[in-house]
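Chemist: Provided herewith is a single structure, encoded as structure tokens, for subsequent inquiry.
Throughout, read-outs are computed from the coordinates displayed, never taken from laboratory work. Fair warning: this is a prediction, and the values are worked out from it, not measured in the lab. Backbone-built Cβ (ideal geometry, glycine too); neighbour counts: all protein chains shown.
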Amino acid sequence: MKHRTDIDGLRAIAVLPVILFHAGYSWLPGGFVGVDVFFVISGYLICSIILREMKQQRFSFLRFYERRARRILPALLVVLFTTLLAGYFFLLPDEYAILSEATLAALAFVPNIYFENTASTYFGLDIATQPLLHTWSLGIEEQFYILFPGLLLLLYKYFDKKIMKLALVAILAVSLAANILLAADFTTFTFYMIPTRAWELLAGVMLAIGLIPQVRGQLAANIVSSIGLALIIGTMLLLGENAVFPGINAVYPVLGTVMVLHGNTHVSTAVSWLLSRQPLVWIGLISYSLYLWHWPVTVYTGMLTDSSNSRLFIVALSIALSALSYRYVESRYRKPSERLPARRITGELGTIGALSAAGAVFIISGQGLAQRIPDAVMHVALTTHGDAEPEKCRTFTENRLGEEDEKGKLCQLGKQGGVPDFIIWGDSHAQSLSHALHLAALQTGKSGYSVTLGGCRPLLGVYRKHKEKCLKFNDAALKLIEETPSIRQVFLAGYWRIPLTSQGYDNSNFLIMDEKTGTTSPAENRLVFERGLHRTLERLKNRKVVIVEDIPEVGSQFGKSVANHFIRQAWLGTEHTAQFEYKLTTDKYEKIFSEVLSELPGNTELLKIRPWLCSDTSCPLLIDGKLVYADGDHLSRFGASLLVPALLPYLAPDGTAALSGAGPVKKTQPGKQ
């Protein structure tokens with residue numbers, strides 16, 4: 001197959017936006033779709049090569065996989081080894097162990113499966129400490145290379161061309177349909193897994209098998225390729241941060257790539273001229289190494305500095321390392337020669353791979369090699385996780401909701417064995433606030449219950465598609481309240497931002513519904529939320545209700561700052577670090593939340609907790625050597641204890657302070673570091 005410099009240029013158009021997006025340039029909100037462009041190019045080139053060799057009756061699986069190995073493995077193995085080695089100096093023990101697991105997954109060609117599995121857990125992974133997260137896309141391509149040649153050979157050898165084309169079109173259609181149908185509700189699976197990504201590579205295959213009619217004429221070719229390039233760049237520039245992806249939004253860059261490739265196949269166009277300019281061609285040639293190096297550089301640089309000035313450094317260092325990698329690694333191993341025979345190539349690459357695998361296993365077995373970190377730092381790091389209310393207080397689970405004997409097992413706050421006067425009802429945010437209520441209740445001699453279930457806001461009748469557990473949980477919580485007359489005060493707490501902004505834990509769409517909503521969409525979320533809140537407050541109209549505002553989020557900056565404490569031996573939670581993610585995620589939400597709660601019933605009020613956790617400029621992560629947060633959006637027990645002064649008026653013996661207009665206690669120095 002004749003080398004096409006315009007494809008090199010197209011690779012540059014794909015990889016540069018990915019690098020710039022990850023470096024933090026906000027004017028490219030859809031820069032990550034460059035990966036989709038790569039998928040189409042790969043499908044087109046691989047199918048073209050295989051078909052040509054099949055027609056010439058010289059296709060060999062051994063030769064095919066040898067070429068793929070020489071193309072993929074050298075740079076990948078060097079990056080894996082280097083990244084794992086650098087992690088020794090940058091990462092905390094649990095992060096280092098996770099990096100080692102990711103290294104093994106990448107060596108086994110299943111990094112996408114690994115990250116899909118870890119990202120789908122409740123808390124997921126902090127991407128700021130995952131230097132190999134980007135290898136998920138290599139997993140997609142590698143699995144395609146494993147599955148596709150055999151399928152194509154089978155269809156080519158035993159069926160006529162028409163059947164072959166129909167079969168490939170059918171597979172593409174099924175994969176595309178799954179991608180569109182599952183994207184909103186199963187975003188993580190749709191993003192990472194080959195069943196919902198295969199259609200992108202198969203789109204390139206459609207070109208290679210000649211399914212799409214040839215573009216005839218200079219004008220038509222220019223129009224097709226120009227529209228295609230506009231679709232790619234337009235998606236990169238215009239894709240909104242809350243847009244469902246992949247889903248239908250992935251169709252635009254994929255279609256655009258097909259059009260660029262197709263329009264430039266037989267005719268020289270303005271687009272092919274542009275893409276064949278030497279700077280773009282050069283970037284395209286190093287694009288594989290550039291993609292491999294850029295994310296470890298981004299992650300490790302981010303641990304050293306939060307400055308926006310580091311963006312240019314990230315891009316420059318990534319390009320420099322990639323140029324060296326292309327010259328001394330990729331080019332060296334691309335083709336066997338007398339100076340470097342195949343046996344030596346296998347030996348050298350095998351050694352690097354074996355060292356990486358052995359090192360990863362050693363690190364995992366050593367639980368991240370905690371001994372390399374000073375004791376003082378480990379004391380801080382160990383309080384990063386699991387520092388919220390004890391597990392025994394999580395009385396409600398998906399498999400145990402509202403049982404007859406559940407009341408006796410409830411987590412009691414404050415005076416043990418006392419008659420319950422209050423209850424906190426909500427999700428894991430409510431659970432992390434329970435310790436504050438427990439301490440406040442002890443001071444006032446009160447007793448209450450903590451009734452929480454992760455992921456379930458206290459909104460009656462509201463649930464997520466295929467996830468109806470919250471209906472049962474909230475009904476059980478309400479039943480408990482109504483059957484316990486002594487409970488006169490109800491605290492409602494939750495991760496309110498998620499349903500109000502439709503943005504989930506992993507930035508996927510978080511869509512809710514009720515009996516009045518047959519379909520789910522971001523536009524409906526607020527209405528469903530308001531109806532759920534109204535139902536809840538209506539059923540609680542004979543009790544005092546306190547709606548607790550969201551815990552201020554520190555997001556990915558939390559784990560990042562903990563790592564920085566180790567790397568820089570600096571104080572956690574500097575103004576810039578702690579405030580950055582908080583401003584990014586919360587400001588737009590607060591306006592919506594204020595509007596939703598603008599008219600509350602007389603028995604209900606809002607408790608603002610942010611003043612007790614944050615100063616006017618930042619939310620510190622560490623106070624007097626103690627962590628305020630258990631993770632990016634849950635308080636530690638110490639963090640929860642900072643809210644005790646804000647809660648005392650609500651649990652005062654006369655029970656009237658909170659609703660008399662006094663509000664939270666006077667702010668002395670909340671949030672002071």
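Chemist: Run the simple label-point estimate for PHE64 and ARG344 please: 7 Å along Cα→C-beta, distance reported in nm.
Modeler: If labels sit at PHE64 and ARG344, their model points lie 3.0 nm apart.
Chemist: For the residue pair GLN371 and ASN309, what label-to-label distance in nm results when each label sits 7 Å from Cα along the Cα-to-beta-carbon direction?
Modeler: Output for this residue pair reads 4.0 nm.
Chemist: Now a separate question. Enumerate by residue number the chymotrypsin sites (Phe, Trp or Tyr not before Pro) in the range 267-357 meeting two conditions: DSSP loop (anything except H, G, I, E, B), and at most 15 other Cβ atoms within 10 Å of the site's Cβ.
Modeler: Here no chymotrypsin sites (Phe, Trp or Tyr not before Pro) fit, given the DSSP loop and packing criteria.
Chemist: Which of the three applies to the range 182-326, rounded, prolate or oblate, going by the alpha-carbon gyration tensor with a ≥ b ≥ c and a/c under 1.5 meaning rounded?
Modeler: Here the range 182-326 falls in the oblate category.
Chemist: Between GLU590 and ASN117, take the C-beta separation as r, use R0 = 45 Å, and let me know the FRET efficiency to the nearest 0.05.
Modeler: 0.85
Chemist: Let me ask something else. What residues have an amide H closer than 5 Å to that of LEU413, excluding those fewer than 5 places away on the same chain, when H is modeled at 1.01 Å from N in the peptide plane?
Modeler: Counting only residues 5 or more places away or on other chains, the set is GLY448, TYR449, SER450.
Chemist: With θ taken as phi - 60° and the coefficients 6.51, -1.76 and 1.60, list the Karplus ³J(HN,Hα) couplings across the range 414-421 in order, rounded to whole Hz; mark glycine and proline as x.
Modeler: Karplus values, whole Hz, x for Gly and Pro: x, 5, 6, x, x, 6, x, 9.
Chemist: Further question: Give, in nm to one decimal, the length gained when the segment between LEU237 and TYR25 is fully stretched (0.36 nm per residue of separation minus the Cα-Cα distance). Present the calculation step by step, with values, prior to reporting the outcome.
Modeler: Details: separation 212, 0.36 × 212 = 76.32 nm, distance 1.10 nm.
The LEU237-TYR25 span can extend by a further 75.2 nm.
Chemist: Something else about it: Classify the range 154-213 as rounded, prolate or oblate, taking a ≥ b ≥ c as the square roots of the eigenvalues of its Cα gyration tensor: rounded when a/c is under 1.5, otherwise prolate if a/b is larger than b/c and oblate if not.
Modeler: prolate
Chemist: Could you line up THR83, THR301 from fewest to most neighbouring Cβ atoms inside 10 Å?
Modeler: THR301, THR83
Chemist: Once a ≥ b ≥ c are taken as the square roots of the eigenvalues of the Cα gyration tensor of the range 124-268, is the result rounded (a/c under 1.5), prolate (a/b larger than b/c) or oblate (a/b not larger than b/c)? Can you show the working numbers first?
Modeler: On the way: a/c = 2.03, a/b = 1.21, b/c = 1.68.
Oblate.
Chemist: Next question. Taking neighbour counts of Cβ atoms within 10 Å as a proxy for exposure, in what order, fewest first, do LYS446, LYS591, LYS165 appear?
Modeler: LYS591, LYS165, LYS446
Chemist: Measure off 7 Å from each Cα along the Cα-to-Cβ vector at LEU527 and ARG539, then give the distance between these two points in nanometres to one decimal.
Modeler: Distance between label points: 2.3 nm.
Chemist: Next question, about the same structure. Express in nm, to one decimal, how much length is gained between ALA220 and ASP160 on full extension, taking 0.36 nm for each residue of separation and deducting their alpha carbon distance.
Modeler: That works out to 18.5 nm of additional length.
Chemist: Ranked highest first by the average count of other Cβ atoms within 10 Å around their residues, in what order do 265-271, 214-220 fall? Mind dumping the intermediate values first?
Modeler: Numbers: 265-271: 17.0, 214-220: 12.6.
Result, highest mean first: 265-271, 214-220.
Chemist: What number in nm² do you get for the range 5-372 if you take the convex hull of its Cα atoms and divide its surface by four?
Modeler: 19.2 nm²
Chemist: Just the number: Rg to Rh for the range 24-166, Cα atoms, Kirkwood Rh, two decimals.
Modeler: On the Cα set of the range 24-166, Rg over Rh gives 1.06.
Chemist: Order these by the 10 Å Cβ neighbour count, fewest first: ARG327, ARG332, ARG343.
Modeler: Working: ARG327 12, ARG332 16, ARG343 9.
Exposure proxy ranking, most exposed first: ARG343, ARG327, ARG332.
Chemist: Work from the charge dipole of the range 137-231 (Cβ charges, +1 for Lys and Arg, -1 for Asp and Glu, about the Cα centre) and give the residue of ASN179, ALA167, THR190 farthest towards its positive end.
Modeler: Farthest towards the positive pole: ALA167.
Chemist: Could you size up the charge dipole of the range 4-56 around its Cα centre, putting +1 on the beta carbon of Lys and Arg and -1 on that of Asp and Glu, and report it in debye to the nearest 20?
Modeler: So the dipole magnitude of the range 4-56 works out to roughly 140 debye.
Chemist: Between LYS626 and LEU324, what's the calculated FRET efficiency when r is the beta-carbon distance and R0 is 45 Å? Round to 0.05.
Modeler: For R0 = 45 Å, the calculated efficiency reads 0.50.
Chemist: Hey, another quick one. If R0 is 60 Å, what FRET efficiency do you get for LEU442 and ALA170 from their C-beta distance, rounded to 0.05?
Modeler: It comes to 0.35.
Chemist: Counting each pair of different Cα atoms once, what's the Kirkwood radius of the range 98-167 in Å, rounded to one decimal?
Modeler: When all Cα pairs of the range 98-167 are included, the Kirkwood radius is 13.9 Å.
Chemist: What are the ³J(HN,Hα) values, in whole Hz, obtained from phi via the Karplus relation 6.51 cos²θ - 1.76 cosθ + 1.60 with θ = phi - 60°, for each residue of the range 361-367 in sequence order, with x given for Gly and Pro?
Modeler: Once rounded to whole Hz, the list reads 4, 4, 5, 5, 5, x, 6.
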